[in-house]
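Asks: Quick one: the structure is below, and I'll ask about it shortly.
The values are calculated or read from the model by the stated rules, or taken from the named source; none is laboratory data. Please read these numbers as outputs of a predicted model, since none were measured by experiment. Cβ placement follows ideal geometry from the backbone for every residue including glycine, while neighbour counts extend to all protein chains displayed.
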Amino acid sequence: MNPHSPEQAEQLAETWRDSPGLWGFLTTVDHKRIAARYILTVVAMLFLAGLLALDMRLQLSAPDMQRMGPQLYNESFSLHGSTMLFLVSVPVMEAMAIWLVPLMLGQRALAFPRLAAFSYWLYLGGVMMLWVPHALGITPDLGWFEYPPLSGPAYSPGHRADIWAQMITFTEVAALSASVNIVATVLKMRPPGMTLSRVPLFVWAMMVGSLMTVFALPAVMLVTSMLIADRMVATQFFTAAVGGDSVLFQHLFWWFGHPEVYIIFLPATGFVSMIVETFCRRTIFGHVAMVLSMLGIAALAFGLWVHHMFAVGLPRLGNDFYTAASMAVALPAGIQIFCWIATMWTGRPRFDTPLLWVIGFVATFVIGGLSGIMTASAPLDQQLTDTYFIVAHFHYVLVGGAMFPLLGAFSYWYPKATGRMLSEFWGKVSFWLIVGGFNLGFFPMHILGLQGMPRRIYTYGEGMGWGALNMVATIGSAIAVAGGLVFVANALVSFYRGKRAGADPWGGSTLEWAVPSPPPQHNFDYTPVVDSLTPMWTRKDGLHALTGLVTDRRQVLVTSVIDAEPEYRQKSPDPSIAPLLAAIAVTILFIGSIFTPWALVWGAVPVAIALTCWFWPQRARSQTGPLRVRSR
């Protein structure tokens, strides 16, 4: 039975509805609309970064090419890497969590809806911080890592390095805002009955990844702020001649940089687990082992950052320790892969497009993992670290380990988000083009690296013998880009002409499949009650519902951390312009700080005003009615 009368249901929809027009667009705190903006912006960034990559591949496709000189190549390489690492990989995973976590938890909103809106607007500021200067001809040109002393004031005059450093601050504050939001939502807003042992693996993955973000990202924000201080007010953090240490930059940067790989990878494991479970028609083999593996990866990821620094000249005994830690992190990842394979082996797999992406991920990520084991050895890494072998390994891990599951997740949840099914035929065409093109493009780079081709070079002589494999790599990259265009075209055409999807077209096991496709703004008419790990499979006659939340104002249920016992009802914030104003104020402060340190003083004034508007207290109305469980 429906807990609400038709009048109450209409009132509930009206309560959670955004204002029409531009005002509603600017003030919305609906997690689904915010996530959609994230994803569309990420797609635009991915398209631009892909074009840069293809342009660099064309430059390297044959010896002595003159399409671009060293300066333009450095700018393209820096822009591509910075975009992919900071504006695509982490933000898109956060966006998927912002969209999915409340739906998987049977909630109507995130714990902090306005913070989610603020995180997007600030992320958009980071996008503009990098790409507007590029349009103006002042692109960062020192790579996506900007090591000093090259990025210091002596070797990098102007503001190119400042632009890169402040772009990091934008994106990391945005990511921290989203991560805190996700952790709070998972811990305190699970539906009644969803104990920690019944939390879906994707939600576990996002919570662990978000906790890693909270601990890892302050390091890179600190080190880029130190770099800006060196350049702006003549501090000497990284100037060796007066007692500074440029290696300190690398330590702080890679304390963030290596966990970031797993911040990207862990959400992808959540995608894979949900897809495998649905298309194999059985719960994931070794659920507890999967959760423990995520926690093991998170712990080990913070203990092996120095394997990026084996060629720096650190003590050999330390290198031995980090070699062992770098190899150990493969163990929990291997456990996850064996659990997925066991699930497919013992289940009844249906090889639709989302599951094909999972198979492509497993095959590709294993190759990247094996090359990672090789480079974890300090003596071998010293030979390979500045060669194209590392370029191949890096892309196999990040593209195969994160982008392939992400494309599978898009295919899997596209019907839920749009109410339309993707074309299965064109989905499989894009899969084979992307996976085939990627492997054709990047596997030869392993061989080029073993042959001695350095990375970060813009040309090479004919006598080096690298031309044929570089041409193969360029052709493969072009095929992968073509596959990406097919994928996007399929999504666009299906949005208007695709077959209509019901609430649960795949037969999924988690709560997001209990609501219509696409979900209403308030997500659920009722708060579901969970009694198993797969509630949609074990409750064929419908879920139990918790009644008692009011319909005339925004309200969410807060539950206990361990057992998800109902504790109290919490008012959910209404739509507000304050997050946008706060993001604009912070943007002014960040941009101004690369020109004058006084911007930190005067820029704090509009930030304080915006935050005061944001948190201005409102009179709370009393809660009415008891909380009761009713069968649906």
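Asks: Considering only residues that are among the acidic types (Asp, Glu) and assigned to a helix (DSSP H, G or I), look in the stretch 208-263 and name the one that is farthest from the chain's Cα centre (by Cα). Walk me through it before giving the result.
Replies: We begin by selecting, within the stretch 208-263, every residue among the acidic types (Asp, Glu); these are 230, 245, 260.
From what is left, the residues that are assigned to a helix (DSSP H, G or I) are 230, 260.
Working: 230: 30, 260: 10 Å.
Only one residue tops the list, namely 230.
Asks: Where residues in the stretch 15-66 are aromatic (Phe, Trp, Tyr) and over 25 Å from the mean Cα position of the chain (by Cα), which of them is farthest from residue 128 (Cα to Cα)? It would help to see each step written out before you state the result.
Replies: Taking the stretch 15-66 and keeping what is aromatic (Phe, Trp, Tyr), we get 16, 23, 25, 38, 47.
Adding the requirement that they be over 25 Å from the mean Cα position of the chain (by Cα) leaves 16, 23.
On the way: 16: 31, 23: 22 Å.
Per the criteria, the residue is 16.
Asks: Turning to a different aspect of this structure: From the list 150, 142, 187, pick out the single residue that is of a type outside the set (D, E, K, R), surrounded by fewer than 22 Cβ atoms within 10 Å (Cβ to Cβ), part of a helix (DSSP H, G or I) and out of contact with any Asp or Glu (no Cβ under 8 Å at 6 or more places or on another chain).
Replies: 187
Asks: Here is a list of conditions, (1) closer than 22 Å to residue 205 by Cα; (2) in contact with a helix residue (DSSP H, G or I) (Cβ under 7 Å, 6 or more places away or on another chain), and residue 334 meets all of them except one; can you say which number that is?
Replies: Residue 334 satisfies every listed condition except (2).
Asks: Name the residue, out of 389, 365, 361, 338, that is of a type outside the set (A, V, I, L, M), under 19 Å from residue 259 (Cα atoms) and outside any loop (DSSP other than H, G, I, E, B). Give the derivation first.
Replies: On the way: 389 fails: under 19 Å from residue 259 (Cα atoms); 361 fails: under 19 Å from residue 259 (Cα atoms); 338 fails: under 19 Å from residue 259 (Cα atoms).
After ruling out the rest, the residue left standing is 365.
Asks: Right, residue 564: of a type in the set (A, V, I, L, M), outside any strand (DSSP E or B), surrounded by 21 or more Cβ atoms within 10 Å (Cβ to Cβ) and touching a Gly at 6+ places or on another chain (Cβ under 7 Å) or not?
Replies: Working: of a type in the set (A, V, I, L, M): yes; outside any strand (DSSP E or B): yes; surrounded by 21 or more Cβ atoms within 10 Å (Cβ to Cβ): yes; touching a Gly at 6+ places or on another chain (Cβ under 7 Å): yes.
In short, yes.
Asks: Still on this model: State which residue is nearest to the chain's Cα centre (by Cα) when the search covers only the stretch 385-421 and only residues that are polar (S, T, N, Q) and surrounded by fewer than 24 Cβ atoms within 10 Å (Cβ to Cβ). Step through it out loud before you land on a result.
Replies: Of the stretch 385-421, the ones polar (S, T, N, Q) are 385, 387, 411, 418.
Narrowing further to those that are surrounded by fewer than 24 Cβ atoms within 10 Å (Cβ to Cβ): 385, 387, 418.
On the way: 385: 26, 387: 27, 418: 21 Å.
Ranking the candidates gives 418 first.
Asks: Please go through the stretch 107-124 and give me each residue that is surrounded by fewer than 24 Cβ atoms within 10 Å (Cβ to Cβ), assigned to a helix (DSSP H, G or I) and of a type in the set (Gly, Ala, Ser), ordered by number.
Replies: None; the set is empty.
Asks: Working only within the stretch 527-552, note down all residues that are surrounded by 14 or more Cβ atoms within 10 Å (Cβ to Cβ) and more than 26 Å from residue 290 (Cα to Cα).
Replies: Matches in the stretch 527-552: 527, 543, 544, 545, 546, 547, 548, 549, 550, 551.
Asks: Can you tell me which condition residue 141 does not meet? The list is (1) among the charged types (D, E, K, R); (2) modelled with pLDDT under 95; (3) within 30 Å of residue 30 (Cα to Cα), and all the others hold.
Replies: Only one criterion in (1) among the charged types (D, E, K, R); (2) modelled with pLDDT under 95; (3) within 30 Å of residue 30 (Cα to Cα) is unmet by residue 141, namely (3).
Asks: On to the next question. Hey, does the stretch 13-29 have a residue that's out of contact with any Cys (no Cβ under 6 Å at 6 or more places or on another chain), buried (at least 23 other Cβ atoms within 10 Å of the Cβ) and farther than 25 Å from residue 170 by Cα?
Replies: No, there is no match, as no residue in the stretch 13-29 is out of contact with any Cys (no Cβ under 6 Å at 6 or more places or on another chain), buried (at least 23 other Cβ atoms within 10 Å of the Cβ) and farther than 25 Å from residue 170 by Cα.
Asks: Here is a further query. Please verify whether the stretch 79-91 includes one or more residues that are touching a residue at least 24 places away in the same chain (Cβ under 8 Å), surrounded by fewer than 19 Cβ atoms within 10 Å (Cβ to Cβ) and over 29 Å from residue 581 (Cβ atoms). Let's see the steps before the verdict.
Replies: The initial filter retains those residues of the stretch 79-91 that are touching a residue at least 24 places away in the same chain (Cβ under 8 Å), namely 79-91.
From what is left, the residues that are surrounded by fewer than 19 Cβ atoms within 10 Å (Cβ to Cβ) are 81.
Those left that are additionally over 29 Å from residue 581 (Cβ atoms): 81.
Yes, that holds for at least one residue.
Asks: Within the stretch 301-319, can one find any residue that is farther than 27 Å from residue 413 by Cα, small (Gly, Ala, Ser) and in a helix (DSSP H, G or I)? Full working, then the answer.
Replies: First, the residues of the stretch 301-319 that are farther than 27 Å from residue 413 by Cα: 301-319.
Remaining after also requiring small (Gly, Ala, Ser): 301, 303, 311, 313, 318.
This time we only want the ones that are in a helix (DSSP H, G or I), so: 301, 318.
Taking every residue of the stretch 301-319 in turn, at least one turns out to be farther than 27 Å from residue 413 by Cα, small (Gly, Ala, Ser) and in a helix (DSSP H, G or I).
Asks: Can you tell which of 438, 443 is buried (at least 20 other Cβ atoms within 10 Å of the Cβ), farther than 21 Å from residue 274 by Cα and either modelled with pLDDT of 95 or more or in contact with a Cys (Cβ under 7 Å, 6 or more places away or on another chain) (or both)? Steps first, please.
Replies: On the way: 443 fails: buried (at least 20 other Cβ atoms within 10 Å of the Cβ).
The unique qualifying residue is 438.
Asks: Continuing with this model, one more query. List every residue pair whose Cβ atoms lie under 9 Å apart, where the two residues are 6 or more positions apart in sequence or sit on different chains, the first residue falls within the stretch 260-278 and is within 14 Å of residue 410 (Cα to Cα), and the second residue, located anywhere, is of a type in the set (Asp, Glu) and in a helix (DSSP H, G or I).
Replies: 267/94
Asks: I need every pair where a residue in the stretch 203-222 that is in contact (Cβ under 8 Å) with a residue 60 or more places away in the chain has its Cβ under 7 Å from the Cβ of a residue that is among the polar types (S, T, N, Q), sequence separation at least 6 or different chains.
Replies: Correct list of pairs: 205/269; 210/179; 213/179.
Asks: Would you mention how many residues in the stretch 444-469 are assigned to a helix (DSSP H, G or I), closer than 17 Å to residue 386 by Cα and in contact (Cβ under 8 Å) with a residue 24 or more places away in the chain? Can you show your working first?
Replies: Residues of the stretch 444-469 that are assigned to a helix (DSSP H, G or I), as a first pass: 444-450, 462-464, 467-469.
Pick out the ones that are also closer than 17 Å to residue 386 by Cα and you get 444-450, 464.
Next, only the ones that are in contact (Cβ under 8 Å) with a residue 24 or more places away in the chain stay: 444-446, 448-450, 464.
The qualifying residues number 7.
Asks: Here are some conditions: (1) under 15 Å from residue 105 (Cβ atoms); (2) touching a residue at least 40 places away in the same chain (Cβ under 8 Å); (3) assigned to a helix (DSSP H, G or I). Residue 586 meets all but one. Which one does it not meet?
Replies: (1)
Asks: Being in contact with a helix residue (DSSP H, G or I) (Cβ under 7 Å, 6 or more places away or on another chain) and either charged (D, E, K, R) or farther than 22 Å from residue 324 by Cα (or both) is the filter here; which residues of the stretch 355-390 pass it?
Replies: Across the stretch 355-390, the qualifying residues are 355, 356, 357, 358, 360, 361, 362, 364, 381, 387, 388.
Asks: Using the structure shown, decide if residue 473 is hydrophobic (A, V, I, L, M, F, W, C) and either under 30 Å from residue 510 (Cα atoms) or without any contact (Cβ under 8 Å) to a residue 12 or more places away in the chain (or both). Before you say what the answer is, go through the steps one by one.
Replies: On the way: hydrophobic (A, V, I, L, M, F, W, C): yes; either under 30 Å from residue 510 (Cα atoms) or without any contact (Cβ under 8 Å) to a residue 12 or more places away in the chain (or both): no.
So residue 473 fails the test.
Asks: Only one of these is surrounded by fewer than 21 Cβ atoms within 10 Å (Cβ to Cβ) and closer than 22 Å to residue 208 by Cα: 327, 344. Name it.
Replies: Details: 344 fails: closer than 22 Å to residue 208 by Cα.
The match here is 327.
Asks: Taking the conditions exactly as written (assigned to a loop (DSSP other than H, G, I, E, B) and either touching a Gly at 6+ places or on another chain (Cβ under 9 Å) or modelled with pLDDT of 95 or more (or both)), does residue 575 satisfy them or not? Let's see the steps before the verdict.
Replies: Values: assigned to a loop (DSSP other than H, G, I, E, B): yes; either touching a Gly at 6+ places or on another chain (Cβ under 9 Å) or modelled with pLDDT of 95 or more (or both): yes.
Against the criterion (assigned to a loop (DSSP other than H, G, I, E, B) and either touching a Gly at 6+ places or on another chain (Cβ under 9 Å) or modelled with pLDDT of 95 or more (or both)), residue 575 qualifies.
Asks: List the number of the failed condition for residue 521; all other conditions in (1) surrounded by fewer than 18 Cβ atoms within 10 Å (Cβ to Cβ); (2) touching a helix residue (DSSP H, G or I) at 6+ places or on another chain (Cβ under 6 Å) hold.
Replies: (1)
Asks: Would you point out which residue out of 295, 300, 252, 227 is in contact (Cβ under 8 Å) with a residue 12 or more places away in the chain and either in contact with a Lys or Arg (Cβ under 6 Å, 6 or more places away or on another chain) or surrounded by fewer than 17 Cβ atoms within 10 Å (Cβ to Cβ) (or both)?
Replies: Working: 300 fails: either in contact with a Lys or Arg (Cβ under 6 Å, 6 or more places away or on another chain) or surrounded by fewer than 17 Cβ atoms within 10 Å (Cβ to Cβ) (or both); 252 fails: either in contact with a Lys or Arg (Cβ under 6 Å, 6 or more places away or on another chain) or surrounded by fewer than 17 Cβ atoms within 10 Å (Cβ to Cβ) (or both); 227 fails: either in contact with a Lys or Arg (Cβ under 6 Å, 6 or more places away or on another chain) or surrounded by fewer than 17 Cβ atoms within 10 Å (Cβ to Cβ) (or both).
Just a single option satisfies the conditions, and that option is 295.
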